[in-house]
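For reference, the structure is listed below as structure tokens.
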Amino acid sequence: MTRKAAVLGLGYLSGLLAASFLALWLSCTAGGILLCFGLIMMLVIRPDKRGRLFAFSAAALCCGIGMLYYSGYDAFVYEVIAARSGTHFEGRAVIKDVKSISDNRAFCTARIAFPDGKKADIGWYSSDNTVARGDEAVISGILSSPENTSFFDSADYYRSRNIFLLLYPDSEEYFRHESSIFHRLKSFREKTVRIVRKYVPSDEGELIIGMIFGSGEWQISSKAEKLLYRSGAGHIASVSGMHMAVAAGIAAAAAASLTLSKKGKLLLITFVCALFALTADMGLSVMRAFIMTELVYSAELFRRHSDPLTSLSIAALILTAGAPFSVRSASFMLSFSGVFGAAVLAPQLTENVKKAAESRLGRKISGVGLLSAVSTAVCASAAVIPASALCLDELSVIAPFTNLLLSPLFTAAMMIAMAGAVCALLPFSWLSGGLFLGAGALCRPTLWAAEKLGSLPFAVLPSGTRIAAPVIMLVLITAGAAVLIFNNRSAVILTVSSAVFIGAVSIAAYRFVPADYTKISVLSEGNGCVIIISDGKYSSVIDLMGNSASVKAVKRYISRNDTGAVGFIAVLCSSDYAAPIYKEEYPDAVLVSESGEYGLTYTPEENIINFDGLCIFPRKDNFEIEAAGVKILCVQRKCAPPQGHYDMCIYDCISDVYAEADIYAVTEKRFKGRFPASSQVYPRGGEFAAENGVLMREEERKWLR
């Protein structure tokens, strides 16, 4: 059996990934079945018959182990820690990670010990941005378990980082170790960023900062950032394999010029890459790249063949060993799938195309470098499609072309920028500034091309539907099983291609399945809400917040859910800010606002807003919505609401206001009102189905997490 680590590692990761989608009971059942099946098959198969069937059995065994490990970690670690939500904590902690948010705020992560001796990682927003990894903190406050909202999947995000509780500090005090390596690296980053912004004070300079330190440090304009990701080039601001390869290449070149031995070369590369990983804050993608780089360069020392798939599998096993939830991290999934496409699939495609061309022409062909570049761009972009559909709001259709076109530019810019960062250690800032100017000159056409390509109407597609996650999971498992079962390459290609095609058709077709009810979604993050009403034909948006968070939430919800195109938008608050953004995002929609500059206007005291069966009665303190035969009252502040019975009442205020309704949704987390004992109350809103004049809670799919 070849590639033992790859077979076992991919089976284990498949189990982790499958368990992350399935409910706990289903995950445990499936994991137990796979474990027993794999174990029995491995015992039954005779030694002389051990081939792909034995490899498949071993992979099934590891898949079952992965599912049981994920579920066990969920039940016996996560749930135990999350159960402490609402308790008070006071104590000392050593900071493990710091993410800068603004000039005076940072998000800190630390491991704390509870009075009973149990430990857990928590996160909190610090009012001090000068702290660094390794500093100590004395903090006190209420612990809270993060929850997913329509605005942000907070629980999923923090779970993937192994943070199960957030602290809201009553008091905080920090003890800094100014002489530590982390403070020195923080000072180095700050100095380098200052030099970049001094010499290249534009989006080009911010792109340089993103190339060196990642998107956590840059302050690029929202328009440039949006177009970079729409064009498929946003990954250049996510420090990962390409950045680590450049750093390792520079170290290898230095080792060659110094005529170091193999051990000396490995030590130098290890030192440079470790320093680079520390500077980039040791994110998942950075650590994956660091581990793979070490395996690749150490293979030569131990006289072993360097296998990208084995290296990738070992790196993934190490990263998920103590944190299985990280398998659903966006950085892990995108990094893992991108490297799988570029390092595993692309060489195979290049070799197959080369052999086919040489067989047809009867001679060796030239231009293999160009063929390899095209294969890498296509395979890397294709491999990240499932992960992008799960993690992002949009899929870039033109990513292969963009990366093929721009790779030489931003690779050269990155090498010059890294040289500038190294020169920032010297007292001659003009030297690093000159290099940054050179990198900025290369970043300018990169941003220009990304803007032109990202502005194309067909550049992106919505990321998925309600069934996208389970379909993608099945496609990935089918692909892995095909590789292990079939010895014939054509059979593998046919099986995987068929699974991808059927999955894509299923996801696309599901969007066009007509709904026999109207879906009413109340999106909230605890201090305001957006109401989206969809009947399958189109969606109507009623925005009560009018800020950047609400616009992003609407765009994200429309992209990720089975709703029709946006046909109507009513901005009932801060319309001067939100209305132009909505108009840019949805130019074909009818827009109603208090502002006279965009679309139709209304005054709360006089007008009634009608749009194809949707009727809104705006008032100063509250308004009514009539749609699909149901009546909804939304209370925005202390008032005397209209008399009558409503199917639903949405409280978007703090004050206690009594209104008679069957269902209540509370979008303001500080609301202290009382409800009838028999009422259905849904904090933070939710999704509801209106059918034949009856409003009910939409059914949840119990087999998914």
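Throughout, read-outs are computed from the coordinates displayed, never taken from laboratory work. Keep in mind it's a predicted model, so treat the numbers as computed, not measured. Don't worry about glycine lacking a Cβ; one is built from the backbone with ideal geometry, like all the others, and counts go over all protein chains shown.
Quick one: if you stick a label point 7 Å off each Cα along the C-beta vector at Ile608 and Lys198, how many nm between them?
It works out to 6.6 nm between the two label points.
Leaving out same-chain residues fewer than 8 places away, which aspartates and glutamates sit with a Cα under 18 Å from that of Lys263?
Glu294, Glu300
Using only Cα atoms, find the angle between the long axis of helix 468-485 and the longest principal axis of the chain, and express it within 0 to 90 degrees, rounded to the nearest 10.
20
Among the listed pairs Lys552/Lys669; Lys99/Lys672; Lys99/Lys552; Lys620/Lys672; Lys552/Lys620; Lys99/Lys119, give every one whose C-alpha distance is greater than 24 Å.
Lys99/Lys672; Lys552/Lys620
Between the DSSP loop rule and a limit of at most 15 other Cβ atoms within 10 Å, which chymotrypsin sites (Phe, Trp or Tyr not before Pro) in the range 605-705 are left?
Taking the range 605-705 and a limit of 15 other Cβ atoms within 10 Å, the loop chymotrypsin sites (Phe, Trp or Tyr not before Pro) found are Tyr658, Trp703.
Report, in whole Å, the centroid distance computed from the Cα atoms of the range 182-209 and the range 332-362.
Comparing the Cα centres of the range 182-209 and the range 332-362, I get a distance of 37 Å.
Under the 0.36 nm per residue contour assumption, what length would be gained going from the current alpha-carbon distance of Leu425 and Arg111 to full extension? Intermediate results must be reported in sequence, preceding the final value.
On the way: separation 314, 0.36 × 314 = 113.04 nm, distance 3.25 nm.
In short, 109.8 nm is gained.
Measure off 7 Å from each Cα along the Cα-to-Cβ vector at Ser154 and Cys639, then give the distance between these two points in nanometres to one decimal.
2.8
Apply the Karplus curve 6.51 cos²θ - 1.76 cosθ + 1.60, θ = phi - 60°, to the phi angles in the range 533-549 and return the couplings in whole Hz, x for Gly and Pro.
Once rounded to whole Hz, the list reads 10, 10, 10, x, 7, 7, 10, 10, 10, 10, 9, 9, 10, x, 10, 5, 5.
Search the structure for amide H atoms under 5 Å from the amide H of Ala106, placed 1.01 Å from N in the peptide plane, and list their residues when 5 or more places away or on another chain.
For Ala106, whose amide H was placed from the backbone, the distant partners under 5 Å are Ile101, Ser126, Asp128.
Apply the Karplus curve 6.51 cos²θ - 1.76 cosθ + 1.60, θ = phi - 60°, to the phi angles in the range 636-647 and return the couplings in whole Hz, x for Gly and Pro.
Those phi angles translate into 9, 6, 4, 6, 9, x, x, 6, x, 9, 10, 6 Hz.
Express the relative contact order of the range 178-231 as a whole percentage, based on alpha carbon pairs under 8 Å and six or more residues apart in sequence. Before the final figure, lay out the partial values.
Numbers: 24 pairs, mean separation 11.5, N = 54.
Value for the range 178-231: 21 percent.
Based on the Cβ-Cβ distance from Asp170 to Ser498, what FRET efficiency comes out when R0 is 60 Å, to the nearest 0.05?
The value I calculate is 0.55.
What's the extension gain from Glu90 to Lys452 if we count 0.36 nm per residue and subtract their Cα-Cα distance?
Taking Glu90 through Lys452 to full extension adds about 125.0 nm, to one decimal.
Would you list, by chain and number, the lysines whose Cα falls below 17 Å from the Cα of Lys364, excluding same-chain residues fewer than 8 positions away?
Lys354, Lys355
Cα axis of helix 330-339 to longest principal axis of the chain: angle in degrees, 0 to 90, nearest 10?
Its long axis makes an angle of about 40 degrees.
I need the phi-derived Karplus couplings for the range 257-272: 6.51 cos²θ - 1.76 cosθ + 1.60, θ = phi - 60°, integer Hz, Gly and Pro marked x.
5, 8, 6, 6, 6, 4, 5, x, 4, 5, 5, 5, 5, 4, 4, 5
Amide H to amide H, which residues 5 or more places from Ile650 or on other chains are under 5 Å from it, using H placed in the peptide plane?
Those lying under 5 Å, H to H, from Ile650 are Leu633, Cys634, Val635, Ala665.
Do you know the relative contact order of the chain, to the nearest whole percent, from alpha carbon pairs under 8 angstrom that are 6+ apart?
10
Set the Förster radius R0 to 30 Å, insert the Cβ-Cβ distance between Met696 and Ser548 as r into 1/(1 + (r/R0)^6), and round the FRET efficiency to 0.05.
Working: r = 33 Å, r/R0 = 1.09.
With a Förster radius of 30 Å, E is 0.40.
Against the longest principal axis of the chain, how steep is helix 222-231, in degrees 0 to 90 to the nearest 10, with axes from Cα atoms?
Long axis of 222-231 versus the principal axis of the chain: about 60 degrees.
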